[in-house]
Amino acid sequence: MVLVVQPANNFDSNLYVNPKSKPSPVIIPVIDLTDSEAKTQIVKACEEFGFFKVINHGVRPDLLTLLELEAIKFFALPRSLKEKAGPPDPFGYGSKRIGPNGDLGWIEYILLDANLSSESHKTSDVFRQTPPVFREMVKEYMEKMKGMSSKVLEMVEEELKIEPKEKLSSLVQVMDSDSCLRMNHYPEKEETPAKGEIGFGEHTDPQLISLLRSNDTEGLQICVKDGTWVDVTPDHSSFFVIVGDTLQVMTNGRFKSVKHRVVTATKRSRLSMIYFAGPPLSEKIAPLRCLVPKQDDWLYNEFTWSEYKLSAYKTKLGDYRLGLFEKQLPFSLSNV
């Protein structure tokens, strides 16, 4: 059976980006998680790109295929049924609007809490519109994502000799970790999209790391060090790891939270799943003392994840969120 997903209604097609330079191919680091050198490669990729692809990740292919199929079925539902699972507050179904501060995109999505046992939010409303198998698949998928994010952070800990051990990886393993799963659907179009039309505007992810998987439709771009936007070749069987703001802070800027976006470059629909691995809300975030012993050398002030999350929620997508938490120099340029 072939499922045809109809374009969602009421999307604003006048949403464009004006890239500083022409998108071009770039060689994204590809890391085999079973390789003995993986931890060294991961740290290098986090330093140079803030972004890399992982293979041999251990997630069974049929789970990826079936979960994607069930997600497509959900997005193919009539809008009236999908809207019963929203609006996202903070979890549930949303379309066109990205966040509460005016950002728009050619997109519809569902946002799910990693704690599926909780029924106090819109996550449960999503599952009322889907068959029971969808919930079971989502549960298994998020368990796999928790394991993969923990494994990646464990490799970072080993390579950087972080003390105490499991300082990073434990943040995404504990029950009160503030993690979530977002499924983004960029509907197909009857006409070829205009060049640079926005699906999801440029931004960084605020969490520790994000794990992204998509179908075979292109559109994802990352911004490299010289400010150039480059295309990321899609790979439906692999995962892309994205460094978030929180990990940038904890490494005192050694790892870079990469800016990324999605443009609607083709007529085909695009489906992506992003697992955001976040720490507990009460967790204090600051440069790790084992990496930066002297507090005078910290680039950021200490804050809790809850404080940062609340601050980020009040900004637009493209805003530099970490600016409010950077330490100010003890002198001004006028005094130099």
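The values are calculated or read from the model by the stated rules, or taken from the named source; none is laboratory data. Remember, predicted model here, so these are calculated numbers, not experimental data. All Cβ positions, even for glycine, are placed from backbone atoms using ideal geometry, and neighbour counts span all protein chains on display. Just the protein is used for accessible areas: all its heavy atoms, side chains included, with ligands, DNA and RNA removed. Shrake-Rupley method; radii C 1.70, N 1.55, O 1.52, S 1.80 Å.
Condition check ((1) hydroxyl-bearing (Ser, Thr, Tyr); (2) touching a helix residue (DSSP H, G or I) at 6+ places or on another chain (Cβ under 8 Å); (3) open to solvent by less than 20 Å² (accessible area, probe 1.4 Å); (4) modelled with pLDDT under 95) across all residues:
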| site | (1), (2), (3), (4) |
| --- | --- |
| Ile285 | no, yes, yes, no |
| Leu288 | no, yes, yes, no |
| Lys294 | no, no, no, no |
| Ala312 | no, yes, yes, yes |
_Looking only at the range 227-251, how many residues end up being touching a helix residue (DSSP H, G or I) at 6+ places or on another chain (Cβ under 8 Å) and either in a strand (DSSP E or B) or open to solvent by 30 Å² or more (accessible area, probe 1.4 Å) (or both)?_
5
_Looking only at the range 34-75, filter to residues that are of a type outside the set (A, V, I, L, M) and open to solvent by less than 10 Å² (accessible area, probe 1.4 Å); which one of those is farthest from Ile222 (Cα to Cα)?_
Phe74
*Report yes if some residue within the range 195-215 is open to solvent by 20 Å² or more (accessible area, probe 1.4 Å), at pLDDT below 95 and among the aliphatic types (A, V, I, L, M); otherwise report no.*
no
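Quick check, is Thr192 open to solvent by less than 30 Å² (accessible area, probe 1.4 Å), under 30 Å from Ala265 (Cα atoms), modelled with pLDDT under 95 and not in a helix (DSSP H, G or I)? Please lay out each step first, then the result.
Working: open to solvent by less than 30 Å² (accessible area, probe 1.4 Å): no; under 30 Å from Ala265 (Cα atoms): yes; modelled with pLDDT under 95: yes; not in a helix (DSSP H, G or I): yes.
Against the criterion (open to solvent by less than 30 Å² (accessible area, probe 1.4 Å), under 30 Å from Ala265 (Cα atoms), modelled with pLDDT under 95 and not in a helix (DSSP H, G or I)), Thr192 does not qualify.
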*Got a number for residues in the range 180-192 being in contact with a Pro (Cβ under 9 Å, 6 or more places away or on another chain) and within 26 Å of Thr304 (Cβ to Cβ)?*
1
*Got a number for residues in the range 49-66 being assigned to a helix (DSSP H, G or I) and under 18 Å from the mean Cα position of the chain (by Cα)?*
1
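With Met183, Met155, Met148 as the choices, which residue is modelled with pLDDT of 95 or more, touching a Phe, Trp or Tyr at 6+ places or on another chain (Cβ under 8 Å) and either open to solvent by 30 Å² or more (accessible area, probe 1.4 Å) or not in a strand (DSSP E or B) (or both)?
Met148
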